[in-house]
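Report on the following structure.
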């Protein structure tokens, strides 16, 4: 029965936060942020104008969240600010771009998962294995 208690696995919240930050942050940066930068012209023509500021500005805000904030989350610098910024971006993506749909074609399932990951990082902080942690701000 001891096997079912998983006591053989060392508990480390800091390592778990590092794993969550690096995997989720790199996935966001590589799979979502970078393609928007690399294909800015194509994206800006069809991107949602959610604030009425124009498609290019809306795309720029999404890139800030998906690229800059994701990179900050990976390295653990200004982590709570970055998680808030990316979380807002994912909230807009889920509720406005995907209509709050969790299933079906064009669902916002991934946006909701990233939003929840950002909420966890925002609430828990980056952990000690981060630049914020090294500066004493974890």
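The values are calculated or read from the model by the stated rules, or taken from the named source; none is laboratory data. Keep in mind that what you see is a predicted model, and the values were worked out from it rather than measured. Ideal geometry is used to build each Cβ from the backbone, glycine not excepted, and the neighbour counts take in all protein chains shown.
Just one residue in the set 104, 52, 100, 65 is in a helix (DSSP H, G or I) and free of Cβ contacts under 8 Å to residues at least 60 places away in the same chain; that residue is 65. What are the residues in segment 117-138 that are surrounded by 12 or more Cβ atoms within 10 Å (Cβ to Cβ) and not in a loop (DSSP other than H, G, I, E, B), if any? Those that are surrounded by 12 or more Cβ atoms within 10 Å (Cβ to Cβ) and not in a loop (DSSP other than H, G, I, E, B): 117, 118, 119, 120, 121, 122, 124, 131, 132, 133, 134. The combined condition, being on the phi < 0 side of the Ramachandran plot and either surrounded by fewer than 20 Cβ atoms within 10 Å (Cβ to Cβ) or touching a strand residue (DSSP E or B) at 6+ places or on another chain (Cβ under 9 Å) (or both), is not fulfilled by residue 62.
In a residue-by-residue description of segment 96-109, the property of being touching a helix residue (DSSP H, G or I) at 6+ places or on another chain (Cβ under 7 Å) and under 16 Å from residue 29 (Cα atoms) applies to no position.
Mind checking which residues of segment 121-138 are touching a helix residue (DSSP H, G or I) at 6+ places or on another chain (Cβ under 7 Å) and at negative phi?
Keep residues of segment 121-138 that are touching a helix residue (DSSP H, G or I) at 6+ places or on another chain (Cβ under 7 Å), which gives 121-122, 124-132, 138.
121, 122, 124, 126, 128, 129, 130, 131, 132, 138, listed by residue number.
Among all positions in segment 33-44, there is at least one residue which is surrounded by fewer than 20 Cβ atoms within 10 Å (Cβ to Cβ) and closer than 22 Å to residue 131 by Cβ.
For residue 88, state whether it is within 14 Å of the chain's Cα centre (by Cα), without any contact (Cβ under 8 Å) to a residue 24 or more places away in the chain and either on the phi < 0 side of the Ramachandran plot or not in a helix (DSSP H, G or I) (or both).
On the way: within 14 Å of the chain's Cα centre (by Cα): yes; without any contact (Cβ under 8 Å) to a residue 24 or more places away in the chain: yes; either on the phi < 0 side of the Ramachandran plot or not in a helix (DSSP H, G or I) (or both): yes.
Criteria met by residue 88.
Listed conditions (1) surrounded by fewer than 17 Cβ atoms within 10 Å (Cβ to Cβ); (2) modelled with pLDDT of 95 or more; (3) not in a helix (DSSP H, G or I) are all met by residue 77, apart from (1). For segment 22-49, a residue qualifies if it is free of Cβ contacts under 8 Å to residues at least 12 places away in the same chain and outside any loop (DSSP other than H, G, I, E, B), and the qualifying residues are 23, 27, 30, 31, 35, 38, 41, 42, 45, 46. Residue 51 falls short on exactly one of the conditions (1) closer than 20 Å to residue 122 by Cβ; (2) surrounded by fewer than 19 Cβ atoms within 10 Å (Cβ to Cβ), and that condition is (1).
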